[in-house]
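Bear in mind that the values in this text are calculations on the coordinates, not laboratory data. Computed from a predicted structure; not experimentally measured. Every residue, glycine among them, receives a Cβ derived from its backbone with ideal geometry; neighbour counts consider all protein chains shown.
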Amino acid sequence: MTLFELFVKGGITMYPLLLFSVALLVMVVERGYFWTRLGRQQPQLVRQVFRTYRNSPVEAQQQLESQRNLPISRIFLAALELEDPDPDEFRLALESSAQAEIPLLKRFATALDAIATLAPLLGLLGTVTGLMESFAAVSLGDFSPERTGQVSGGIGEALITTATGLIVAIVAAGAGSIFRGLYQNEIAFLQEWGGRLELIYRHHHLRPAAGDRLAVAPPRKG
C-alpha cells in the first residue's frame with residue numbers, strides 16, 4: 001500500500017495531520033540551519049573579537065559589524081556603539097539587547113509544543129471516527145464481503161490516524177526538546193562572553209580614573 005493510499009484510507013483527520021507534518025518539517029529545517037550556523041560561526045567570532053578588542057576596540061567593532069546577522073554581534077554592538085558609557089550603562093546595554101534576542105532564539109517553540117499536544121488528539125479523533133464507522137457497519141448475522149470491508153476499513157482508519165498522530169507528536173516533542181537544550185546553551189554562551197566583555201570594559205574604563213587618583217595623591221611624609 002502506497003503512502004497516498006494510506007493517507008486516503010486514514011480519513012478526514014489525516015488532512016490536519018498532513019498540515020502539521022509540513023509545518024513541522026519547515027520548522028525543523030529552519031531551526032536546524034539556524035542553530036548549526038550559530039554553533040559554527042559564533043565561537044570563532046567571539047575569540048577573534050576578544051583578541052582584537054584589547055588592542056583596538058574600533059577594529060573589534062568592525063569585525064562585529066561584518067557579522068551583524070549573529071545574535072552575539074548585535075548584543076556586543078549595542079554596548080560598544082554607546083558614546084563613552086559608564087560600566088553600569090554598558091552592562092545595561094548588554095542585558096537589554098540580550099533580552100531582545102530571546103524571541104529569535106525561542107522561535108517556533110510554542111508551535112512545536114502545540115503540534116506535540118494536538119497531533120495525538122487528532123489521531124485519537126480519527127480513532128473514534130474510524131471505530132464509529134466500524135460499529136455502524138456491524139450487522140448481526142451479516143457476514144457479506146461488503147459488510148466485512150466496511151468494518152475493516154473503519155478499523156484501518158482508526159489505526160492509521162492513531163499511528164500518524166503519534167509519529168508527528170513524537171517528532172515534534174523530540175525536536176522541541178533538542179531546540180530547548182540549544183537555547184539554554186546559547187543563553188549560557190551569551191552570558192559568559194557578555195560578562196567577559198563587561199569585565200574588560202570595566203578594567204579599561206576604571207584604569208585611567210585610578211591613575212588620576214594616584215597622580216593627585218599627596219606625597220608621603222618622610
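Observations
- Subtracting the Cα-Cα distance of GLU81 and GLN44 from 0.36 nm times their residue separation leaves 11.2 nm of extension gain.
- Extension gain, GLU65 back to ARG202 (0.36 nm per residue minus Cα-Cα distance, nm): 47.1 nm
- Placing a pseudo-label 7 Å from each Cα along the Cα-to-Cβ vector at ASP88 and ALA163 gives an inter-label distance of 6.5 nm.
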